[in-house]
Amino acid sequence: MVQSDPTDAHGNLFPIFVLSLIQFFLVPITVWRVGAWVVDACVWGDAGKESSSAMAVATPMDVSSEWGRAALLRARRNKPTVLRRVKSLFTGFNLWLLALWVASAGLVTYIAITTVEETEFFDPYKALQIQVGADASTIKKAYRTLSLQYHPDKNPDPNATKIFTDLIAPAYKTLTDETARLNYEKYGHPDGKQAPKLGVALPSWMFGGGNTGPVVLIALVAFGILGPLFLAVFVITKMNKYGGATGGVLKETQYYFHTERKPHLGVMKAARVLSVASEYVQIPVKQQHDEPVKKLLNALRGEVDAKDPRFVKRHPAIIKAHALLLAQASRKTHEVSETLRPDLKQVMKLFPTLFAEAVNVFLAPVNQTGYAYAKPVLSLLEFSQCVTQAVAPSNRRDDGSADAGKDNAVSLLQLPHVDEKTAGLLAKKGGVRSIGDLAQVPGPHKRAEALLAAGLSQMQVADVEAHLVFVPRADILEGTIETDGEQMIVEQDVVTCTLNVKISRGGAGAEVFAIAENELTSSAGEKPKEKPARLPLVGGAVVRSAADLPPLPFCEHCDREEGWWIAIVDHAANFILSHRKLDAKAVLAAQREPRGHVAQLKFVVPSSGTYAFSVMVLSDYWIGVDAKYPVKIKVGRKTQEVIDARAAAAAGKNLSSKKKKAISDKKKPEGGAADTTEGADLKSGEKVGEIVEEITTETPVQAADHDSDDSDDSDDSDDEGRDGDDSRGDRDYPSDETGTEESSDEETDEAFLQRGRQRREEQAAALKADAAKLLKDGVASAEKDGAASPSKDKPVEKNIPPAESAQSEN
């Protein structure tokens, strides 16, 4: 048999190499994915997820109302089938995992069915068919026997000739030559020790074998040079054209959003901001669109002034996008003509991305302290709620003029079968003025009584109860505002706000209400006048993604994800001091954990004074679930005494351990009292506490909407002069001239100030002593040099530093 080098690339080495490379990454990733599913199922259970997902796509019980008909159509479109379930399972990252496992199975099959010729090494004993260690006579006898069978003179068969030439003759030569025989027995080769040969597990055709050189060359040029070049050009072009947080928004759109940012932008103008996006401008405008757009604007007279000269002069594509956005938000998509339906679908498909980018642009700092305008951001969040729940922005106009933390009947419009008339009856007959009030009604039976009194049927009440399972309520269980290692808050301090954010869903249970009433009963058995303000919600679903949310009947072409924000807002100065958007893990923890999700916000406090901020939990999906909690902060003046005190505290903190160790090492009986006094003074000097402003424990007020009074945004002339110099940020806050109450904590600690003055006097005395010593040493040195010098007539001069000179004069 023909020999082959085992180090050459042959057989199944290349498929085995590819399979090993794939499995090296695929196995741990798959274990991680499957392990996460198993942990989720074992710890939290999949029953809740399956039930919530099933309820989210359930068919409505009553289809007589407008909401019921829209929900029925949406449920039919989203009806789960085997194909849809398989498609939902193998999408995104899971699809890549499936493809790699299929490829691995193909490689395993190929390796199993491929026949590989086994490599045989040169063995002279086997070639002559004798035993190892045979003597010379046996070797000669075997050679003669095989020669008669395979010698070319005896057997003209070419295969016999090849066997004789490649095996029999070399074997006889090796075993009859003493040197070759010893080399073979010692090194396995007649010629002695051989250099090792290394091969690669790649097929030979990749190196030009089988006349594949031109093909390999073309492939190298295409995939090694031209491919990366085109990819680099594409990426650079996209980077120059697109930007934003997700990288999918045109940079022109970001610029237009910046131009539309006004300090007092209201919710009625939010659609105008989003409609200027270049993505909307690029939607083709056809001549047959003019008349349908005019009819749509006529139907939206309460939402936009189509006769405004500034509105009429806008680009036709912007006007069309503006009208379509308002049609979706006002629940008037039935007024959209068939010619505009494709554009409505495209506009709503782009809405989530453009909304997120507009919020990011509006959250950009407007002054040196990093604050952003509050009202534009809150207005965008409100408009997102309107688009998601199909509630007209004009219905929320009165919310801004009243207390921004109050819910009203507009939040009830996102419930099934509830219109403005039903919401009014709920407030009049059942005392339910918001969706939060409805969730607080104890027990499903009492909620059903209130809904039935408002005119809903039994089946409609069942739809409302099923929908209420998904409606959230945001709470801040605990909250602190503190500085890092300081005893008081002064100007320009960086403050940390720590919050425990809890998101609950469902409705209050009758049993929980009874327990709460029993706990509030006095010892004499008398009932309190006030009922418990916040009952815990029970029976709520855990929302992990958009698939767990109920369908949006009036939001046909836009599947929204819940978005939650936490922010510290100063409504008086119209500033957002700090903000953060909760990611999916944080929202899930806020729902699952008993104490909610712990979040932190950092911000720089303004000038000295007393401020009333609001810690807010905001949703861009639901109406009437935003939470607003007041907090007061007293900011002191950053005087020189405060700076010195902090410096002394920092120095004492750094040296405390060293001094305590030195004091303990002395161990002198007569110095015990003095050592104790010094240690106590050091401890008093390094007193560095944490000032904590507790968030008020008053009854929390749900913030449905935030200062969106139409009178503020009816005229853009208010915005002039407010977008200018960033350095005027602190001037928006009360100052000394306006009578702001200042902190006087630094003036009351007389002992602390006296101790600081005493230390400064001791330092000054030590400095004088050091200066006198230096002066004395300098004069002595000068006299010594003068005595050694031959010219004694000249006086000796010495340059004394000004500080030393002053000390010497003293």
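The values are calculated or read from the model by the stated rules, or taken from the named source; none is laboratory data. The structure displayed is predicted, hence computed values, not measured ones. With ideal geometry, Cβ positions are generated from the backbone for all residues, glycine too; neighbour counts draw on all protein chains shown. Only protein heavy atoms, including side chains, enter the accessible area calculation; ligands, DNA and RNA are left aside. Shrake-Rupley method; radii C 1.70, N 1.55, O 1.52, S 1.80 Å.
Summary table
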item: Some residue of the range 127-143 being among the polar types (S, T, N, Q) and surrounded by 11 or more Cβ atoms within 10 Å (Cβ to Cβ); result: yes
item: Residue match in the range 302-309 (condition: loosely packed, with under 14 Cβ neighbours inside 10 Å and part of a helix (DSSP H, G or I)); result: yes
item: Residue within the range 457-466 that is among the small types (Gly, Ala, Ser) and part of a helix (DSSP H, G or I) present; result: yes
item: Subset of the range 598-619 that is surrounded by fewer than 21 Cβ atoms within 10 Å (Cβ to Cβ) and among the β-branched types (Val, Ile, Thr) - its residue that is farthest from the chain's Cα centre (by Cα); result: Thr610
item: The range 3-22 residues that are in a helix (DSSP H, G or I) and at pLDDT below 55, paired with ones that are charged (D, E, K, R) and open to solvent by 70 Å² or more (accessible area, probe 1.4 Å) (beta carbon under 8 Å, 6 or more apart); result: none
item: Of the criteria (1) at pLDDT 90 or above; (2) open to solvent by less than 80 Å² (accessible area, probe 1.4 Å); (3) closer than 21 Å to Glu335 by Cα, which one Asn298 fails; result: (2)
item: Candidates Ala171, Ala142, filtered to the one that is under 13 Å from Phe122 (Cα atoms) and touching a helix residue (DSSP H, G or I) at 6+ places or on another chain (Cβ under 7 Å); result: Ala171
item: Matching option when the condition is touching a helix residue (DSSP H, G or I) at 6+ places or on another chain (Cβ under 6 Å) and assigned to a helix (DSSP H, G or I), among Val285, Val273; result: Val273
item: The range 475-498: number of residues that are in contact with a Ser or Thr (Cβ under 9 Å, 6 or more places away or on another chain), crowded, with 17+ Cβ neighbours inside 10 Å and aliphatic (A, V, I, L, M); result: 5
item: First in the range 749-772 and of a type in the set (A, V, I, L, M), second anywhere and at pLDDT 75 or above, Cβ under 7 Å, 6 or more apart; result: Leu753/Glu641
item: Hits in the range 317-334 (condition: open to solvent by 20 Å² or more (accessible area, probe 1.4 Å) and farther than 18 Å from Gln389 by Cβ); result: Ile318, Ile319
item: Residue list for the range 277-295, filter: open to solvent by 10 Å² or more (accessible area, probe 1.4 Å) and of a type in the set (A, V, I, L, M); result: Val281, Val285, Val293
item: Filter result for Ser88 (among the polar types (S, T, N, Q), at negative phi and modelled with pLDDT of 75 or more); result: no
item: The range 168-197 residues that are on the phi > 0 side of the Ramachandran plot, paired with ones that are open to solvent by 80 Å² or more (accessible area, probe 1.4 Å) and among the aromatic types (Phe, Trp, Tyr) (beta carbon under 8 Å, 6 or more apart); result: Gly188/Phe121
